[in-house]
1. Okay, helix-only estimate at 222 nm for the chain: each DSSP H run of n ≥ 4 adds -39500 (n - 2.57), divide by all residues, round to 500 deg cm²/dmol; what do you get?
2. Pop out the carbon and sulfur fraction of the accessible area of the range 89-196 as a percent, whole number, probe 1.4 Å.
3. Lys and Arg at +1, Asp and Glu at -1: add these up for the other residues within a Cβ distance under 13 Å of Thr42 and post the number.
4. So for Arg12, Arg28, what's the accessible-area order with a 1.4 Å probe, most first?
5. So for the chain, averaging the separation of alpha carbon pairs under 8 Å that are six or more residues apart and normalising by length, what relative contact order in percent results?
6. Which whole-number percent is the relative contact order of the range 1-115 (Cα, under 8 Å, 6+ apart)?
7. If amide hydrogens are placed 1.01 Å from N in the peptide plane, which non-local residues have theirs closer than 5 Å to the one on Ala172?
8. Give the accessible area for Asp193 in Å² (nearest 10); use a 1.4 Å probe, count only protein heavy atoms, and leave out ligands, DNA and RNA.
Amino acid sequence: MSKSFLDAVKDRRSVYAISKESPVSDARIKEIVEEAVLHSPTSFNSQSSRAVVLLGEQHDKLWDITAETLRKIVPTEQFEGTAQKLASFKAGYGSVLFFEDQAVVKHLQENFALYAENFPIWSNQSSGILQFVVWTAFAEEGLGASLQHYNPLIDDEVKATFGIPAEWKLIAQLPFGKTVTAPGEKEFQPIEDRVKFIK
C-alpha cells in the first residue's frame, strides 16, 4: 500500500474551487461509488444507503434547480453571494447525491420495535460513513469535492427531475471535479481537549 488509511483521511478536505474536468474516467467514478455503497457499514446490515451520480448536463441541472429554489426564498440583496456559491458547485464535473431509503428504515422499525426510534439516527450515521468513504476515495484519485446540504428545499424537484423513488430521503450533495485551488492550512483545536485516553 503506497499510502496509509490515515494519510488518506488527512488528505480529504473541502475543496470549493473545482473545474469541469476529471483526472479519472467516468467508469472509475462509477466504480468508486458502487464499491463505497457495497462496503460501507449500515446498522443491522440494512443496506439503506443509496447514491445517484450526476454528470454533465444532469449535474448542471441539479445546481440550476438549487439556484431557482433559493432565488424564491433568499432576499434579493443577499442572493448574489448565494448565486456565486452555487455557481462554484455547478463549475464542477459532477455531483453525488446521497439518499437513505425510508422504506428500509420503516421496515426495521416495524420488525425491531425496541429500537424503533434509533433507526433514523443509525440511518443518518450510515449515510455519513458512505459520504466520507466516497469523499476520501475521490480525494485519493485527485478529485476535489465539498459536502453540501440543500435538502429538504430541493427534494421534491430533484426526485421529479431525476426519477428518484419517493421513499428515498435526500441527505447530502457532493459536487466534485478537478481541483483548481487547493484548500488552505487547517487549524486544529488542542487534541488533548478532544480525546481522553484512559487505561
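1. Working: 7 runs with 92 residues, N = 199.
About -14500 deg cm²/dmol.
2. Working: 3150 of 5840 Å².
Carbon and sulfur atoms account for 54 percent of the accessible area of the range 89-196.
3. Every neighbour counted, the sum reads -1.
4. Details: Arg12 40, Arg28 80 Å².
Of Arg12, Arg28, the descending order of accessible area is Arg28, Arg12.
5. Numbers: 289 pairs, mean separation 72.9, N = 199.
It rounds to 37 percent for the chain.
6. Values: 77 pairs, mean separation 45.1, N = 115.
Result for the range 1-115 is 39 percent.
7. Residues meeting the criterion, in which the H sits 1.01 Å from N, are Phe98.
8. My reading of the accessible area for Asp193 is about 120 Å².
The values are calculated or read from the model by the stated rules, or taken from the named source; none is laboratory data. These numbers were taken from a predicted model, which means no experiment stands behind them. Cβ coordinates were reconstructed from backbone atoms using ideal geometry, including for glycine residues, and neighbour counts include every protein chain displayed. Quick note on the areas: whole protein, heavy atoms, side chains included, nothing else; ligands and nucleic acids left out. Shrake-Rupley method; radii C 1.70, N 1.55, O 1.52, S 1.80 Å.
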